[in-house]
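The values are calculated or read from the model by the stated rules, or taken from the named source; none is laboratory data. Just so we're clear, the structure is a prediction, and the values are computed from it rather than from any experiment. We place every Cβ from the backbone using ideal geometry, glycine too, and count neighbours over all the protein chains shown.
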Amino acid sequence: MKKALISLMLIFIMLTTLLLNLASAYFFLDLRQGSQDVINLATDFAEPFLSAIFGGYGYSYLLFEKFLIFIILIAIVYFAISRFPAFEEKKGVIRIISIVVPLLGVRFLDAAWLNTILMQYQVLGIALAGILPFLIYLLFLHNVSDSPIIRKIGWIFFIVIYFGLWSTSESGVYGQVYVWTMLIALVFLLLDGTIHRWWMKQQLEASGASDKWEHIAQLRKDIRETREAMGSHDMPDRIGNKIIKQKQKLIDQWMKAK
């Protein structure tokens, strides 16, 4: 009797799990189909209007791109026109010009010119997306340690990784990108000391100090003032100790800096 009850419970659990999986799959399938139907409805509704406004007959697949360029041009033209003294008190005229001029410009863009413009944005996107990891790594190396040995090891590691990517790349375009990245990293490796001194100089200018010793003196003064505030109960000990710890850490970093 006990074994039969256990068997029934196991069968019930398995059936329940199976039904739940089926219901979940049906729900997500139905939700996906519903979302697709909404998108198709919005596209079918908006496409004739956009084609009539932006002149997208024959290559309607670029209508959305034309619409985005139209928005960019509106912002630029509005900014430029609003700076003219003659239009300062004529907001209505500014709005009309800001809409009509971009509309005329976008409406008569053919597919060749549009693809040329989009190619430039593609290059911009690739350049920004490609340089961002490099900049993040650069900031990481110059913030994580003041030791030139550690930074140089980091750059060597970076170059080795890109050398491996270059040696295993089957695409000539990707290979050129890897080679140029290695060369730039090599320049940063050779000029590590100069770059780090410039980096420290920028931090000093941001703090308002003329050299590192003036900056250290200011940090020590901040620590003394924080301790005085803690002693007079103008600042909670928990907050004061946290500030002192941060300032002391900065002092230690600047004492190691050359």
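When every residue of region 123-141 is checked against the conditions, at least one turns out to be farther than 18 Å from Met182 by Cα and not β-branched (Val, Ile, Thr). All but one of (1) over 27 Å from Gly193 (Cα atoms); (2) at pLDDT 85 or above; (3) touching a helix residue (DSSP H, G or I) at 6+ places or on another chain (Cβ under 7 Å) hold for Ala111; state the number of the condition that does not hold. Against the list (1) over 27 Å from Gly193 (Cα atoms); (2) at pLDDT 85 or above; (3) touching a helix residue (DSSP H, G or I) at 6+ places or on another chain (Cβ under 7 Å), Ala111 comes up short only on (2).
Among the candidates Leu41, Leu109, Leu50, Leu62, the residue that is touching a residue at least 40 places away in the same chain (Cβ under 8 Å), over 30 Å from Met182 (Cβ atoms) and part of a helix (DSSP H, G or I) is uniquely Leu62.
Within region 73-101, the set of residues being in a loop (DSSP other than H, G, I, E, B) and under 32 Å from the mean Cα position of the chain (by Cα) comprises Ser82, Arg83. For the residues Arg197, Arg151, the requirement of being of a type in the set (Lys, Arg) and surrounded by 15 or more Cβ atoms within 10 Å (Cβ to Cβ) singles out Arg151.
On the stretch given as region 136-148, residues that are surrounded by fewer than 13 Cβ atoms within 10 Å (Cβ to Cβ) and at pLDDT 85 or above total 2. Only a single criterion out of (1) closer than 26 Å to Val123 by Cα; (2) out of contact with any Gly (no Cβ under 6 Å at 6 or more places or on another chain); (3) not polar (S, T, N, Q) is not satisfied by Trp166, namely (2). The sole residue among Ser98, Ser82 that is touching a residue at least 24 places away in the same chain (Cβ under 8 Å), outside the structural domain of Tyr174 (by TED's automatic domain parsing) and among the polar types (S, T, N, Q) is Ser98.
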